[in-house]
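Shown next, in structure tokens, is the structure this report addresses.
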Amino acid sequence: MKRNTNYDNLEQSYLFSTIGKKVNEYTSKNPDKKIIRLGIGDVTKPLCPTVINAMHKAVNEMSVQETFRGYGPEQGYDFLRTAIQNYYKNFSVNLELDEIFISDGAKSDLGNILDLFDKDNTVLVPDPVYPVYVDTNIMAGRKVLFSNANEENGFLPMPNNNTKADLIYLCSPNNPTGAAYDRKQLAEWVKYALDNKAAILFDAAYESFIEDDNIPHSIYEIDGAKDCAIEFCSLSKTAGFTGTRCGYTIVPSSLNKLNKMWLRRQTTKFNGVPYIVQRGAEAVFTHEGQKEIKENINYYKKNAKIISDTLKELGIWHVGGKNSPYIWLKCPNGMKSWEFFDYLLNNAQIVGTPGAGFGKNGEGFFRLTSFGSYENTLEAVERLKKLK
Ligand SMILES: Cc1ncc(COP(=O)(O)O)c(C=O)c1O
């Protein structure tokens, strides 16, 4: 056998293990100090009652001969696809049912979609970046180019006609920066993709945090996007499904042969998401479900606003904190990302994530998240104020 040696080209990520090690060292030396974790990238609120009830009902159905279900359709049950189809109508986006594919989350689909593309495609990803976009392409031996996200462009890089790319990753609202593209900016990317016959892989995992009208929830709100974009979305951050696992991917029929190819790929390599989970996901899109998940999202957003307002008060440059659970700040006094990490840990017992871990443009920046508790977030900002 010959193994895939592209794996040798992956960079090892020590980001979260190093954070863990440093925090453990600190707590063993300072057992009486209370650490506040504002680096959490996972939701902390439980599933909402409407989702739980729907899943309980589905569990009961599975125990009865007449309502038991075995294998479901690989691309998802129609009841869930219809719920998603209706959800997109809120954004004036019309989708056909066969353009919607249910999955076990956005991460799998973001990796799996690469089955549809030739190895010779050039890939463009923003830096800093959600590492999955880079690593999945390195594993396939593809060339990856980076577009620079920085303070000047508000961490929202725009297309550059001197850079030719075939596959373009966009994540808005963005992880790790929390920055979100407005309608005009996304229209520029769509135009660039159409002009260059490129495909946009649009990650909308945080769309439910959007509150500003000029920030699109879906790339299909932009004219022409159905001819160049695939959209990935997830119930992970929308409805607390990080452990329950359900997402969806939109592959428009107008997108060359990709819709049929993706159907073929999924029916060949995937056997669908559990019925019980899909019933829970369907409940997210009901009136009650939407009301309940919004309560959780608003809880996180309130935390984000507290952090953002405090940073403003302290004169610390940042993006995000609005339309997103993430806050991306410039480390004060020219500190480097890890220097600031140590400083915060030692002086305020706050744990965040060094921006340098997300790419070279992340150096000198730092990510805080709003997934902690309200009480801890309040205490953390009080500690930040005292530092000044
Ligand atoms: C930008 C982005 N896309 C996708 C995912 C993965 O989502 P899922 O849990 O649906 O696999 C995450 C998770 O943190 C994310 O930050």
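For region 247-280: of the residues being within 16 Å of the ligand (Cβ to nearest atom) and of a type in the set (Gly, Ala, Ser), which is nearest to residue 72 (Cα to Cα)? In this case the residue turns out to be 272. Among the residues of region 187-229, count how many are more than 16 Å from the ligand (Cβ to nearest atom) and among the aliphatic types (A, V, I, L, M). Counting residues in region 187-229 that are more than 16 Å from the ligand (Cβ to nearest atom) and among the aliphatic types (A, V, I, L, M) gives 8. Answer with yes or no whether residue 21 is open to solvent by 40 Å² or more (accessible area, probe 1.4 Å) and in contact with a Lys or Arg (Cβ under 9 Å, 6 or more places away or on another chain). No: the conditions fail for residue 21. Could you list all residues from region 223-254 that are open to solvent by 10 Å² or more (accessible area, probe 1.4 Å) and over 21 Å from residue 80 (Cα atoms)? If the condition is that a residue be open to solvent by 10 Å² or more (accessible area, probe 1.4 Å) and over 21 Å from residue 80 (Cα atoms), then 223, 224, 226, 227, 254 are the ones that fit. Tell me which residues, restricted to region 92-118, are open to solvent by 30 Å² or more (accessible area, probe 1.4 Å) and touching a Lys or Arg at 6+ places or on another chain (Cβ under 6 Å). Listed by number, the residues that qualify are 97, 104, 115.
Applying the criterion of at least 1 residues that are in contact (Cβ under 8 Å) with a residue 24 or more places away in the chain and away from the ligand (no atom under 16 Å from the Cβ) to the strands (runs of 3 or more DSSP E) found wholly in region 81-166 leaves 122-127, 143-148.
Pairs meeting the criteria (first residue in region 357-377 and assigned to a loop (DSSP other than H, G, I, E, B), second residue among the aromatic types (Phe, Trp, Tyr) and buried (at least 24 other Cβ atoms within 10 Å of the Cβ), beta carbons under 8 Å, at least 6 apart or on different chains) are 370/326.
Please indicate, with yes or no, whether at least one residue in region 47-59 is in a helix (DSSP H, G or I), open to solvent by 60 Å² or more (accessible area, probe 1.4 Å), of a type in the set (Gly, Ala, Ser) and more than 16 Å from the ligand (Cβ to nearest atom). Taking every residue of region 47-59 in turn, none turns out to be in a helix (DSSP H, G or I), open to solvent by 60 Å² or more (accessible area, probe 1.4 Å), of a type in the set (Gly, Ala, Ser) and more than 16 Å from the ligand (Cβ to nearest atom).
The values are calculated or read from the model by the stated rules, or taken from the named source; none is laboratory data. In this text the structure is predicted, and so the values were computed from the model without any measurement. Glycine gets a Cβ as well: all are built from the backbone with ideal geometry, and neighbour counts include every protein chain shown. Heads up: the accessible areas ignore ligands, DNA and RNA and are worked out on the full protein's heavy atoms, side chains in. Shrake-Rupley method; radii C 1.70, N 1.55, O 1.52, S 1.80 Å.
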